[in-house]
1. If the reach is capped at under 19 angstrom between alpha carbons, list the aspartates and glutamates near Lys20, excluding any in the same chain fewer than eight residues apart.
2. Using the Cα gyration tensor of segment 120-181, with a ≥ b ≥ c the square roots of its eigenvalues, what is the shape: rounded (a/c below 1.5), prolate (a/b larger than b/c) or oblate (neither)?
3. Can you give the FRET efficiency to the nearest 0.05 for Thr126 and Tyr176, using r as the Cβ-Cβ distance and R₀ = 22 Å?
4. Once each part is reduced to its C-alpha centroid, what is the distance from segment 107-176 to segment 1-58 in angstrom?
5. In debye to the nearest 20, how big a dipole does the chain give about its Cα centre with +1 on each Lys and Arg Cβ and -1 on each Asp and Glu Cβ?
6. On a straight-distance basis, which aspartates and glutamates could pair with Lys148 in a cross-link, Cα separation under 14 angstrom, same-chain partners fewer than 8 positions away excluded?
7. Can you put Ile107, Ile5 in order of Cβ neighbours within 10 angstrom, beginning with the fewest?
8. Which of the pairs Lys81/Lys113; Lys57/Lys191; Lys79/Lys124; Lys99/Lys124 have their Cα atoms more than 26 Å apart in this structure?
Amino acid sequence: MARNIVIIGILAEGQKDDIKRILDAEVRRLNFDIETLFIERADDLSAVDALVLPRGKSLRFGEIMCGTALGKSIAEFSKHKPLLAICGSVIACTKRLGKGCEGRKTIGIIDAKVDNNCLDGDHKVTLANRRACIGNFTAAPVLSEMGKKVEAIAMTDGQIVAMKQGNIFGFCYIDYTGRSYDSFLRAVMNKQ
């Protein structure tokens, strides 16, 4: 019997290589039939089952997504397939921008307000399933307000640093162990 391989696209921006390495290792640990590949254009989305927007500069993500074919395609994609935004890409996806986000552009797919430059360094993160990890924050955002359909899935120092809204996951930090991304990877597998 042939195996169905699930394909996760990683936008070829920001810390794409780190995210690919982390996700590939976590996929192996979980023994999931998932492959990752880099995507660059809106047309590339048709070849993937899920999408990751890696950690990077929020200004850059806003520029390449807001008002572009890529951004419109990502917004449409997120209505039907899993999407994971990490750090600066969370800012480029939220509907409301708070402190430190002046001048940023957004595609507005996450019903939340985000404040930027709130956390730096390594912090203990408590996930919704009560597991903990160490999150790496670099001038990182936090979610200061969330819409009714948005669920907090991780906290640090009393602040919301990860969320889930339907198919969309947002993490304001990078987890070099990959354990934080289990919920996203499981959602990808459950969509198949």
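Please treat every number below as a calculation from the coordinates, not as lab data. Note that the structure is predicted; figures quoted are calculated from it, not measured. No Cβ is skipped: glycine too gets one built from the backbone with ideal geometry, and neighbour counts run over all protein chains shown.
1. Asp33, Glu35, Glu40, Asp44, Asp49, Asp175, Asp182
2. Prolate is the answer for segment 120-181, as a/c is 1.5 or above and a/b outweighs b/c.
3. Efficiency, from the Cβ-Cβ distance: 0.80.
4. 20
5. It comes to approximately 420 debye.
6. Asp111
7. The fewest-first ordering by Cβ neighbours comes to Ile5, Ile107.
8. Working: Lys81/Lys113 23 Å; Lys57/Lys191 30 Å; Lys79/Lys124 31 Å; Lys99/Lys124 23 Å.
Pairs exceeding 26 Å: Lys57/Lys191; Lys79/Lys124.
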